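Asker: Got a structure for you, questions after.
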Amino acid sequence: MGLFTELKDSISRVTDRLFAEEEPKRIGIYGPPNAGKTTLANRIARDWTGDAIGAESHIPHETRRARRKEDVEIERNGKSVTIDIVDTPGVTTKVDYEEFTDEMDEDDAIRRSREATEGVAEAMHWLREDVDGVIYVLDSAEDPITQVNTMLIGIIESRDLPVLIFANKIDLDDSSVKRIEDAFPQHKTVPLSAKEGENMDEVYANIAEYFG
Amino acid sequence: MPKATNTDDPDAPDGVQIDLISGERMDGMATMEKIRMILDGVHDGNIVILEEGLTPDEESRLIEVTMAEISPDEFNGIEIETYPKSDTRNASLLGRIMGGDEPTAKLTVIGPANQIETLHKDETLISALVSRD
Ligand SMILES: Nc1nc2c(ncn2[C@@H]2O[C@H](COP(=O)(O)OP(=O)(O)O)[C@@H](O)[C@H]2O)c(=O)[nH]1
Ligand SMILES: [Mg+2]
């Protein structure tokens, strides 16, 4: 092989590797409303970049638009991955503005529900077109077997996307990680408390390993 | 389309119209035609039963279109339940006999969220509790 071809080969190998490493994976954080998706997204962003993504709230549908945090580099055990985190609104098949009228006036409640429906539609679209992997967040104190969870996991599987299931809120007394593992045995379940920061080492090790 | 009630009038005071849609009928339809048919039925207050269910991609589009049609005081969205469920817990004998997660094995029930209090499902039946007020 001539010097030039050899050189070209090794250069293209290097650039290939560089591009492969630098192209961030777009990881969508999905799951039902109130599971703790935004709390998790904020914790990841804070731990690795120093700033947050969006507001957390006990009122469902606080996140009404997919929000992105780009170029978050996560390193664990010698593995490293650069991801764009996409925090999505909780997926649901129904939104009733009257759920919010206790907390705000009617106009705001209607606006909130309209934004929520647009956000859910957008999140579904993202799932079909724009994400490279999924973190599916569940509140481990709740029954994981709901129509929406089953449907969403089915949609994710049909797109062959890598998915990690995060069993969040393990700090709560009613938390059961096993219930989640039993419901979705085909996927890896990682227990954590996004709010208290429990088990984040394993969370990051799994993200680096699985999406890297 | 077979109707489980004796009236075609969606405004009839008592009785709930059930649209039972055969697999054969769905086979010839494009995704958006299926979704339109489902949501038109649901908008009329009907319960729509699909003999053969939807593919995951169709389910995702159904959610997306449903969201676009939600409108305060008019339409709150849908309840949806399938049997047998397509998760792997259904590697049960019955699930396997019925074809596992093939869309053809999924009987799917869809109704208007504001009228259906709960879609209750157990191993052998789906029953919809419909509120009439
Ligand atoms: N106890 C407990 N609460 C949590 C945890 N993570 C989130 N939360 C709370 O759950 C509620 C919903 O959180 P949020 O991140 O907005 O959920 P999202 O709707 O999935 O984005 C908020 O009141 C959070 O403080 C957790 O690990 N443990
Ligand atoms: Mg949120």
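Asker: Which residues, counting only those in segment A:41-92, are away from ligand 2 (no atom under 11 Å from the Cβ) and within 14 Å of another protein chain (Cβ to nearest Cβ)?
Answerer: Result: A:Val91, A:Thr92.
Asker: Mind checking which residues of segment A:21-57 are assigned to a helix (DSSP H, G or I), more than 8 Å from ligand 1 (Cβ to nearest atom) and among the basic types (Lys, Arg)? Reasoning before the result, please.
Answerer: At the first step, the residues of segment A:21-57 found to be assigned to a helix (DSSP H, G or I) are A:21-22, A:37-49.
Of the ones still in play, those that are also more than 8 Å from ligand 1 (Cβ to nearest atom) are A:21-22, A:43-49.
Within segment A:21-57, A:Arg43, A:Arg46 meet the criteria.
Asker: Among the numbered criteria (1) away from every other protein chain (no Cβ under 11 Å); (2) under 27 Å from A:Asp174 (Cα atoms); (3) open to solvent by 30 Å² or more (accessible area, probe 1.4 Å), which single criterion is violated by A:Glu99?
Answerer: Every condition holds for A:Glu99 apart from (1).
Asker: Now for a different question. Look at A:Leu127 and say whether it is among the hydrophobic types (A, V, I, L, M, F, W, C), surrounded by fewer than 17 Cβ atoms within 10 Å (Cβ to Cβ) and within 16 Å of ligand 1 (Cβ to nearest atom).
Answerer: Judged against the criteria, A:Leu127 is not a match.
Asker: When you go through (1) away from chain B (no Cβ under 13 Å); (2) assigned to a helix (DSSP H, G or I) one by one for A:Asp174, which number turns out not to apply?
Answerer: Of (1) away from chain B (no Cβ under 13 Å); (2) assigned to a helix (DSSP H, G or I), only one is false for A:Asp174: (2).
Asker: What number of residues within segment A:134-171 are at positive phi and in contact (Cβ under 8 Å) with a residue 12 or more places away in the chain?
Answerer: Selection size over segment A:134-171: 1.
Condition check ((1) hydroxyl-bearing (Ser, Thr, Tyr); (2) under 18 Å from the mean Cα position of the chain (by Cα); (3) modelled with pLDDT under 90; (4) within 18 Å of B:Gln115 (Cβ to Cβ)) across all residues:
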position	(1), (2), (3), (4)
B:Pro56	no, yes, no, no
B:Ser60	yes, yes, no, no
B:Val65	no, yes, no, no
B:Phe75	no, yes, no, yes
B:Glu79	no, yes, no, yes
B:Thr82	yes, yes, yes, no
B:Asn90	no, no, yes, no
B:Leu93	no, no, yes, no
B:Gly99	no, no, yes, no
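Asker: Under the condition of being free of Cβ contacts under 8 Å to residues at least 12 places away in the same chain and part of a loop (DSSP other than H, G, I, E, B), which residue from segment A:58-105 is farthest from ligand 1 (Cβ to nearest atom)?
Answerer: By that ranking, first place goes to A:Gly78.
To keep it simple, each residue is scored yes or no on (1) outside any strand (DSSP E or B); (2) surrounded by fewer than 16 Cβ atoms within 10 Å (Cβ to Cβ); (3) away from ligand 2 (no atom under 16 Å from the Cβ); (4) within 14 Å of chain B (Cβ to nearest Cβ).
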{"residue": "A:Val134", "(1), (2), (3), (4)": "no, no, no, yes"}
{"residue": "A:Leu138", "(1), (2), (3), (4)": "no, no, no, yes"}
{"residue": "A:Asp143", "(1), (2), (3), (4)": "yes, yes, yes, yes"}
{"residue": "A:Val148", "(1), (2), (3), (4)": "yes, no, no, yes"}
{"residue": "A:Leu152", "(1), (2), (3), (4)": "yes, no, no, yes"}
{"residue": "A:Asp160", "(1), (2), (3), (4)": "yes, yes, yes, yes"}
{"residue": "A:Asp182", "(1), (2), (3), (4)": "yes, yes, yes, yes"}
{"residue": "A:Val190", "(1), (2), (3), (4)": "no, no, yes, no"}
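Asker: What about A:Glu122, is it at pLDDT below 90, more than 7 Å from chain B (Cβ to nearest Cβ) and in a helix (DSSP H, G or I)? Quick ask: steps written out before the conclusion?
Answerer: Details: at pLDDT below 90: no; more than 7 Å from chain B (Cβ to nearest Cβ): yes; in a helix (DSSP H, G or I): yes.
No: the conditions fail for A:Glu122.
Asker: Can you name the residue in segment A:28-45 that is closer than 16 Å to A:Asp139 by Cβ and of a type in the set (S, T, N, Q) and is also surrounded by the fewest Cβ atoms within 10 Å (Cβ to Cβ) among such residues?
Answerer: By that ranking, first place goes to A:Asn34.
The values are calculated or read from the model by the stated rules, or taken from the named source; none is laboratory data. The shown structure was predicted, so the numbers you read here are calculated from the model rather than taken from an experiment. As a convention, Cβ positions derive from the backbone with ideal geometry for all residues, glycine included, and neighbour counts pool all protein chains shown. The protein model used for the area step is the full one, side chains on, heavy atoms only, and it has no ligands, DNA or RNA in it. Shrake-Rupley method; radii C 1.70, N 1.55, O 1.52, S 1.80 Å.
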